[in-house]
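Laboratory data are not the source of any read-out in this text; all were calculated from the coordinates shown. Since the model is a prediction, treat every value here as computed from it, not as a measurement. With ideal geometry, Cβ positions are generated from the backbone for all residues, glycine too; neighbour counts draw on all protein chains shown.
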Amino acid sequence: MEVSREQVAAFRLTRHHLVRRVPRGALVSACGDVAGVQAQVLSAAKLGLRARVRGITAEDVDRALWKDRSLVKTWAMRGALHLLPAGNLLCTLGALQGSALRGLEGWPRRSGLTAAEIEAIVEAMAGALGDRPRTRRELAEVVVDRVGEKARRWIDHSWGGLVRSACLRGLACFGPPRGAETTFVRLGRWVPSARAASSPAGAWLLRRYLASFGPASAGDMARWSGMAVAEVRSIAERLGEEVLAVETEGRPAWILREDARALETARLASPCVNLLPAFDTFLLAHRDKDALVDPAHFKEVYRAAGWISSVLLVDGRVEGTWSQKRLRRGLEVRIAPFRAVPRGVRDAAAAEAEDIGRFLGEDVALRWTATARAR
């Protein structure tokens, strides 16, 4: 089966609810539909959900995280922070227990910790997390008392250290912030309703990934998840006829067989314009970025030190970047397009900027750089 780049873009945009937002009550399911929202910057993750869910506010996301506990903040794919639905959190984490976890724990092993020491520190952390959230410092004090001073740097580390391992193993997750401080909780007590996968977790995650980001290759799935390519291929082989081979401009990829008809008929009736935040999941799921952004502008989007810019997305391609600046009253949203922008795209982007203001409870002034001219 051969499909065009336009069909692929329409399929992915639809699956990401970027063509038509889902209702406000579908906030949690929308997060699951895109296989989790990256949350290195929590404010950006909230804006990513705004782009997909009609009428929500930042407070709605906070409520789902810290009151309803229907969303969970934790380390997951690629060892990066994500927001994930509580109901299938263990399915996601279960798939990462093989090559992905081994790869992330290679750093402390190379830094001198033995496998036994890693296990002791992680188990001590899990035991230290009781009914109340603990800050990183509080957690470190308890663990050091139990296993020795050597553990401190692996809990205090700003990149997560072995706290990240405890989260990836499904033992811990983020708790509500205490002022400016991060807290952690025991996952099983924070979300006692979390369910394990009803089928092997790797198969569950590959299905979820392809439903959100297909067509995609084993290399794409490996880049997105942190799993080894060989492990992904092995999972796909076990799925057998559930997975269908397709080609896009001569490049082989996979789609779920049940999604083949939706892919084949995918079309965009009018320009689809989105203002996506930094680190948006739509930009992070494939190894090859040519379908997303012109190579001439690659470094404006995928920047140094792993930073991913906020982007103007038009029909699934990045056509500019945007930023926000606090004014004396309200915010300025500044869009820097890569080329001249048609009037219809300008109007749709203005509506997006206005909705960002609604989401944040701020008045928004939209500014285009000088290159943005209507055709």
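Remarks
- Candidates P215, P85, P133, ranked by Gaussian network fluctuation over the chain, Cα under 10 Å, top entry: P133
- Based on Cα atoms of segment 302-375, Rg over Rh with Rh as the Kirkwood radius reads 0.98.
- Mean ellipticity per residue at 222 nm, deg cm²/dmol - from DSSP H runs of n ≥ 4 across the chain, formula -39500 (n - 2.57): -11000 deg cm²/dmol
- Relative to the longest principal axis of the Cα atoms of the chain, helix 229-239 runs at roughly 80 degrees.
- Cβ crowding within 10 Å averaged over residues, with 326-333, 348-355 ranked highest first: 348-355, 326-333
- Calculated FRET efficiency for the pair S193/A304, C-beta based, R₀ 45 Å, to 0.05: 0.65
- For the chain, the longest principal axis of the C-alpha atoms and the axis of helix 201-213 are separated by about 20°.
- Extension reserve of the R102-R63 stretch, reckoned as 0.36 nm per residue once the Cα distance is removed: 10.7 nm
- The phi torsions of segment 184-193, fed into the Karplus equation with coefficients 6.51, -1.76 and 1.60 and a -60° offset, translate into couplings of 10, 9, 6, 4, x, 8, 6, 10, x, 8 Hz, rounded to whole numbers, with Gly and Pro shown as x.
- Check: the chain dipole with +1 on Lys, Arg Cβ and -1 on Asp, Glu Cβ, in debye: 840
- Summing +1 for each Lys or Arg and -1 for each Asp or Glu among the other residues whose beta-carbon sits under 12 angstrom from that of A44 gives +1.
- Whole-Å distance, taken between Cα centres, linking segment 1-59 and segment 322-350: 20
- Each pair of Cα atoms in the chain enters the Kirkwood radius, and Stokes-Einstein at 10 °C and 1.306 mPa s then converts it into a translational diffusion coefficient of 73 µm²/s.
- Leading residue at positive end of dipole, segment 289-368 (Cβ point charges), from A353, S309, G330: G330
- Around L284: net Lys/Arg minus Asp/Glu count, Cβ-Cβ under 11 Å: +2
- Using a cutoff of 8 angstrom between alpha carbon atoms and counting only pairs six or more residues apart, the relative contact order for the chain works out to 18 percent.
- Evaluated with a Cβ-only charge set (Lys, Arg +1; Asp, Glu -1), segment 289-368 carries a dipole of roughly 360 debye about its Cα centre, given to the nearest 20.
- Greater than 24 Å apart at Cα, pairs in K289/K325; K299/K325; K46/K325: K289/K325
- Look at where the Cα atoms of segment 206-226 and of segment 74-117 average out, and the two centres are 18 Å apart.
- Cα-based Rg / Dmax (Å) for segment 36-190: 15.5, 50
- Crossing angle, helix 5-15 versus the chain [Cα axis fit, 0-90 degrees, rounded to tens]: 60
- Placed amide H near G226: partners under 5 Å, 5+ positions off or other chain: R78
- Using θ = phi - 60° in the Karplus curve 6.51 cos²θ - 1.76 cosθ + 1.60, the 3J(HN,Hα) couplings for segment 317-334 round to 10, 6, 10, x, 10, 9, 8, 10, 9, 6, 9, 4, 10, x, 10, 10, 9, 10 Hz; x is entered for Gly and Pro.
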